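K.L.:
Quick one: this structure, given as structure tokens, is what I'll be asking you about.
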Amino acid sequence: MADEPHVIRGINWREAFPFTNIFRAFRIAIHPSKLVLALLALLVLYFGGRVLDGLWMNRYKAVPGEIAIYERSRTGEQFINDRKAIRETAADRYTRGLQALATKKTEETFKHLNDPVAARRDAGEGKWTNHVRYFIGLERLADIDAAEKEYTKEHTRIAALPQTNDDQKRDVQQQDQAALARRDAAIADARTEARAKLEVVETVEGKGLFLAFFQYQTLKIDTIVRGVLSGNWLGGLDQWMRKTGDAADADGVIVSAIKFFTVAPAWALRHHPIYFLLFGALFLVVWSLFGGAIARIAAVHVADEGRKLSVRQGLSFAVSKFLSFISAPMIPLIIVLGIGLIVAVVAGIALLIPWLGEIVVGALFFLALAAGFVMTLVLIGTAGGFNLMYPTIAVEGSDSFDAISRSFSYVYAKPWRMLFYSALAIAYGAITYLFVRLFIYLTLLLTWFFVGLFVFRETPDHQNLWHALMPHPSFASLPYEVDTLSLSWPGGLAAFLIEFWNYLAISMLGAFAISFYFSVNTIIYYLMRREVDATEMDDVYLEQPDEEFTENPVAPSVSTAPATAPASPAPASPSDARSSSTETPGPEKTYEKPPPET
């Protein structure tokens, strides 16, 4: 009998090519519950950092571009000298501003500023900046008013010229246009001069450490996105490895990712340790609560897209596993630090003993090498498996030690597979990040255009009122600065409120990045678990068998055997399997196994 033809009616691409599961991350990441949690985490970190910035003294704040200076510096001494030179130059220029302030203020409080030494001391401490800002605004308005009066005078003179023929009329028009151009140039010069003076004030005040850290990290994310889109993955790698030159503009994806995780954290711990120990504690708490909740919701969502936990359920799980979430990334670092300190103490004590100490250290140096080998294994495992720690706890419902064990095991068992999944996640994340950024940009642009369409009022320095309240949105840089010197106090309040709502919309880009990070790494965890442990992707830990979901209730396919009960033999038929899945659930924690896709 001839073989009957077989017709392929469909291909399960996720089974044939498991890596395509990563492309589910965007749809999972934009789910409202995850975005809400990510936005809350971002806002708590941002406002917590800004509060710390406000409490910190000016002398310990950062200079503009400080982390970039640290990145370019070859030695710590060079960085300190460059930073000091910027502060000294700004303080010298600010001293002249304080002496000018003393001539305008009649209060006894400002009389000491007539002394150059006292003025220089106050300039170094960043005092009286609000008063200097106020007078910079007055000077700018005075310069603009003078330009206006000069133009009015010229316009009156030109209008009185004879205009009996076309040549004379043309000449009058040209002179009036030239006078108008001089007025506009004078106004532009006044704005530029005021902006330069304000930059000096800002340098003396110092930039908040969190703000400097946040802006640098955001810049590196943008560099990674540009590298993915341009195919620049290895740019600047040679310069980075040899520590020569400044390839920041040509940095590719790999170098930008390395700098994202190393440059700013190293700068923070080396030059501002107290501040970032405080902020690091806040970060760990927020990351453990909100990040753990996002990872938990993503874990259930990936296992079965029809079942989604609520924000409350995600946070409840994160609270119950808080100690595991907060300790998982810390334990490997504590191990490395502990081993390193033991080696350092033993070597230090041994080398205190003349002659014999050197011989003992030389003879037992292989133990130090063994300790270094262990520390290297732990560091590489942590660097490669850090992204899997939270998904491990969220999927398995286990503790921090299981998270460390599984993440290390998966990285060392399938390193190239892990590297491939991570590279694909970065590439896909960059594309989706750019899409979300474009969406937010178009939202801001359309809002800006239509709100200001019929606004014809001007500020005292001849700017359109709406353009002063909200500058034209830029796709290259969604955040913007408002020129408050051109606005009255009601205008300044309006600009602040507009800025608040705009920045809330812009922060959704950061919320998406956080949500995508946890979502895609949860998918990668499922894929690595499937490769190493041969566990299907629909197996997910449940706290309670009757756990309520925001959408479909738990189907009768939930496994109901208690975790402590011995494994039962497989049913002999599908009907037996169905009957075994509908038994009365026990009180113990179980694993969910939804029915397979058809």
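K.L.:
Can you tell me the relative contact order of the chain? Whole percent, Cα pairs under 8 Å, sequence separation 6 or more.
P.N.:
Once normalised by length, the contact order is 17 percent.
K.L.:
Taking amide hydrogens as modeled 1.01 Å from N in the peptide plane, which residues meet the under 5 Å criterion relative to Lys207, leaving out close sequence neighbours?
P.N.:
Placed amide hydrogens put Ala62, Val63 under 5 Å from Lys207.
K.L.:
Rounded to the nearest 0.05, what FRET efficiency do Trp489 and Phe261 have when you use their Cβ-Cβ distance and R0 = 45 Å?
P.N.:
The calculated FRET efficiency here is 0.55.
K.L.:
Kirkwood Rh over alpha-carbon pairs of the range 201-357, then Stokes-Einstein at 10 °C and 1.306 mPa s: what D in µm² s⁻¹, rounded to an integer?
P.N.:
81
K.L.:
Mind checking which lysines have their Cα closer than 25 Å to the Cα of Lys34? Skip sequence neighbours fewer than 8 apart in that chain.
P.N.:
Cross-link targets: Lys220, Lys308, Lys321, Lys589, Lys593.
K.L.:
Okay, moving on. Out of the total accessible area of the chain (probe 1.4 Å, heavy atoms of protein only), what percent is carbon and sulfur?
P.N.:
65
K.L.:
While we're here: Compute from the Cα atoms of the chain the Rg and the Dmax, the latter being the longest Cα-Cα distance, and quote both in angstrom.
P.N.:
Every Cα atom of the chain included, Rg and Dmax give 31.8, 113 Å.
K.L.:
Here's a follow-up. Where does the range 375-510 land on Rg(C-alpha)/(2.2 N^0.38 Å)?
P.N.:
After normalising by residue count via 2.2 N^0.38 Å, the value is 1.66.
K.L.:
Hey, what do the phi angles of the range 281-291 turn into as Karplus ³J(HN,Hα) couplings, whole Hz, using 6.51/-1.76/1.60 and θ = phi - 60°, x for Gly and Pro?
P.N.:
5, 4, 4, 4, 5, 5, 5, 5, 6, 6, x
K.L.:
Could I ask something else about it? For the pairs Lys104/Lys207; Lys61/Lys259; Lys169/Lys197; Lys153/Lys207; Lys84/Lys149; Lys149/Lys207, flag any whose C-alpha to C-alpha distance is greater than 32 Å.
P.N.:
Correct reply: Lys169/Lys197; Lys153/Lys207; Lys84/Lys149; Lys149/Lys207.
K.L.:
In square angstrom, what is the accessible area per residue of the chain with a 1.4 angstrom probe?
P.N.:
Roughly 55 Å² per residue, with all protein chains present.
The values are calculated or read from the model by the stated rules, or taken from the named source; none is laboratory data. Bear in mind that the values here come from a model prediction, so they are computed numbers and not experimental data. Every residue, glycine among them, receives a Cβ derived from its backbone with ideal geometry; neighbour counts consider all protein chains shown. Quick note on the areas: whole protein, heavy atoms, side chains included, nothing else; ligands and nucleic acids left out. Shrake-Rupley method; radii C 1.70, N 1.55, O 1.52, S 1.80 Å.
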